[in-house]
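Below: one structure, written as structure tokens.
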Amino acid sequence: MPSGSEPAAGAGPGAGPGAAGAEAVTDLFIIGGGVNGCAIARDAAGRGLSVRLAEAGDLAQATSSATTKLIHGGLRYLEYLDLRLVREALAEREVLLAMMPHLARPLRFVLPVDPAARYEDGTPVGRALARLAPWLRGRRPAALLRAGLFLYDHVGGRRRLPATQRLDLTHAPEGAVLRAGLRLAYEYSDVQVDDARLVVALARDASARGARIETRAQVAEAREVAGLWHITLGDGRSFSARALVNAAGPWAAHVIRAIAGQPARGGVRMVRGSHLVTRRLHPHDKAYLLQGSDGRIVFLTPFEGDFTLIGTTDVDQQADPATAACSEAERDYLLACANRWLRTPITEADVVWTFSGVRGLFDDGAGSASAASRDYVLEMAPSGAPCLSVFGGKLTTHRRLAESVLARLLPALGRDAAPDWTAGAPLPGGDFPVDGLPALMQAAAADFPWLDAGQVRRMARAYGTELWAMLGGVADPGADFGAGLREVELDWMARREWARSAEDALFRRSKLGLHLDAGQRAAVARWFDPDAPAMH
């Protein structure tokens, strides 16, 4: 990386690794650079608060880059009768799609029906069905699925997305990948999103509005003294803030107890979700929702053009969340669930990558990890300077979560309530119509003829209108590292997006690491650090 690398635009003095010394008191200090922390930083900065966010690693390094990449209502939550969460999440699909039409796109899901299948079903709906009609115990009849999809279509105020329709799998092309004998499926809508780039976009917008975003900034201690929080980083720098937000995800309980020295009224249930990536399993651009024999569901979604993403699992995580990895049992579970429905079985040899993330859910005492609520819980310290901890939440509800946090904090800070503003404000690069990506790609192809069609598609979806800020006026895009990754793009990631390593660039700012060989990945690592070890 060039020696003149600078922090992201708008980060200002003190956002880079060289800042030191005390500064003026900040209104809000946020611990955690995942989707919730960055959404809170963006919302708060947009309301005029001074904000500093510290992330121990890279933005979205943990849970927020290890999701199933969906903005969705949570169809299975209907079986738990969690209508409020489903309604809120479904409404957010429309809002988020308009905020970031480059990072999010409508996706159709095929839900095949096997009338003879039985499932372990301990959900409230499953238990009620078994009491009312014992012969249906363990079954999800087509009528029940259709009723659930009717609710899914209507409780969230769907406007842009097409409604559910019935598919005849004996004739529809979507049936070709599924095992013989299946006749019926339902096709419904949700939204696919680039989760890690969403987090970066939130951080960039927060930074542009005055927030200080720091990565590789481990918080060593936070202590409340005389009505202020005094925060010390691992490198010795210290800051003062009027309020502290703990958005550390699965580390939230550790931050409360060990870092902030506060008693925790609630607990964190750490639930690991693992995913497999295989070569593309079907030629069309739709996804599948497959029902497992244990009553859970597994998604098969198109991923990065050449691949299929399979996930997720729900397994209690006992060890440090940083050590999360897909176990053999989880891999075999996902393969078995997929093979229950696929015409051509897949094996371990088809898996090209795995990843895992740990969700820090509020411990509601649920009997199983899959039954634990994905809703968010906000816990405010009962006395002293404001200290608010975030538990749980979903990628889909990050914006609403941030609004809820500010609704709690503004009165505690003695500030007047400010109007919610984020719903109508596009994220960086997203200032074009929801259906405007084809036109944007056409314009990019005309203005940057040295990009091939695949590069135009990838870069338009990653950067939106900011593609012109990156490439406009560039006479030489620099070295080609493979798969269309040029030095000008790496430079943008480093200078504007806090990327500091090849892993940041190749597996979070992009997924180009899937397309590069070992030598090409090593060349990217050397660009960031000439002494960097080889990536595996």
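The values are calculated or read from the model by the stated rules, or taken from the named source; none is laboratory data. Note that the coordinates shown come from a computational prediction; the quantities given were computed from them, not determined experimentally. Positions of Cβ are generated from backbone atoms using ideal geometry, with glycine treated the same way; all protein chains shown enter the neighbour counts. Quick note on the areas: whole protein, heavy atoms, side chains included, nothing else; ligands and nucleic acids left out. Shrake-Rupley method; radii C 1.70, N 1.55, O 1.52, S 1.80 Å.
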- LEU97 versus (1) modelled with pLDDT under 95; (2) surrounded by fewer than 23 Cβ atoms within 10 Å (Cβ to Cβ): which is the lone unmet condition? (1)
- Got a sec? Which strands (runs of 3 or more DSSP E) wholly within the stretch 146-252 have at least 1 residues that are touching a residue at least 60 places away in the same chain (Cβ under 8 Å)? 184-193, 212-214, 219-225, 228-233, 238-246
- Query: Which condition number does ALA89 fail, the rest of (1) modelled with pLDDT of 95 or more; (2) in contact with a strand residue (DSSP E or B) (Cβ under 9 Å, 6 or more places away or on another chain); (3) hydrophobic (A, V, I, L, M, F, W, C) being met?
  - Reply: (1)
- Task: Could you pull out the residue among LEU233, LEU149, LEU167 that is over 23 Å from ILE256 (Cα atoms) and open to solvent by less than 10 Å² (accessible area, probe 1.4 Å)?
- Result: LEU149
- Query: Any chance the stretch 464-479 includes a residue that's closer than 29 Å to LEU97 by Cα, touching a residue at least 40 places away in the same chain (Cβ under 8 Å) and open to solvent by less than 10 Å² (accessible area, probe 1.4 Å)?
  - Reply: yes
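Conditions tested, residue by residue: (1) part of a loop (DSSP other than H, G, I, E, B); (2) touching a Cys at 6+ places or on another chain (Cβ under 8 Å); (3) open to solvent by 10 Å² or more (accessible area, probe 1.4 Å); (4) of a type in the set (Phe, Trp, Tyr).
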position: ARG269; (1), (2), (3), (4): no, no, yes, no
position: HIS275; (1), (2), (3), (4): no, yes, no, no
position: LEU281; (1), (2), (3), (4): yes, no, yes, no
position: TYR288; (1), (2), (3), (4): no, no, no, yes
position: ASP294; (1), (2), (3), (4): yes, no, yes, no
position: LEU300; (1), (2), (3), (4): no, no, no, no
position: ALA322; (1), (2), (3), (4): no, no, yes, no
- Among the numbered conditions (1) at pLDDT 95 or above; (2) touching an Asp or Glu at 6+ places or on another chain (Cβ under 7 Å), tell me where THR397 comes up short. (1)
- Message: Considering only residues that are part of a helix (DSSP H, G or I) and closer than 30 Å to ALA444 by Cβ, which ones fall in the stretch 66-119?
- Response: GLU92, ARG93, GLU94, VAL95, LEU96, LEU97, ALA98, MET99
- Residue check for ASP316: in contact with a strand residue (DSSP E or B) (Cβ under 8 Å, 6 or more places away or on another chain) and either open to solvent by 20 Å² or more (accessible area, probe 1.4 Å) or among the acidic types (Asp, Glu) (or both): yes
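A quick yes/no check of all residues on (1) open to solvent by less than 40 Å² (accessible area, probe 1.4 Å); (2) assigned to a helix (DSSP H, G or I); (3) among the polar types (S, T, N, Q); (4) farther than 30 Å from ARG257 by Cβ:
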{"position": "THR354", "(1), (2), (3), (4)": "no, no, yes, yes"}
{"position": "SER389", "(1), (2), (3), (4)": "yes, no, yes, no"}
{"position": "ASP431", "(1), (2), (3), (4)": "no, no, no, yes"}
{"position": "PRO438", "(1), (2), (3), (4)": "no, yes, no, yes"}
- Message: What pairs come out if I take residues in the stretch 316-327 that are closer than 14 Å to HIS254 by Cα and pair them with residues that are not in a loop (DSSP other than H, G, I, E, B) whose C-beta lies under 7 Å away, six or more apart or interchain?
- Response: PRO321/PRO250; PRO321/TRP251; PRO321/MET270; PRO321/VAL358
- Item | Residue count, the stretch 236-261 (criterion: in contact with a strand residue (DSSP E or B) (Cβ under 6 Å, 6 or more places away or on another chain) and surrounded by fewer than 21 Cβ atoms within 10 Å (Cβ to Cβ)) | 3
- Here are GLY126, GLY138: which of them is at pLDDT below 70 and at positive phi? GLY138
- Item | Which listed residue is of a type in the set (Ser, Thr, Tyr) and closer than 30 Å to LEU111 by Cα, from THR215, THR232, THR312 | THR312
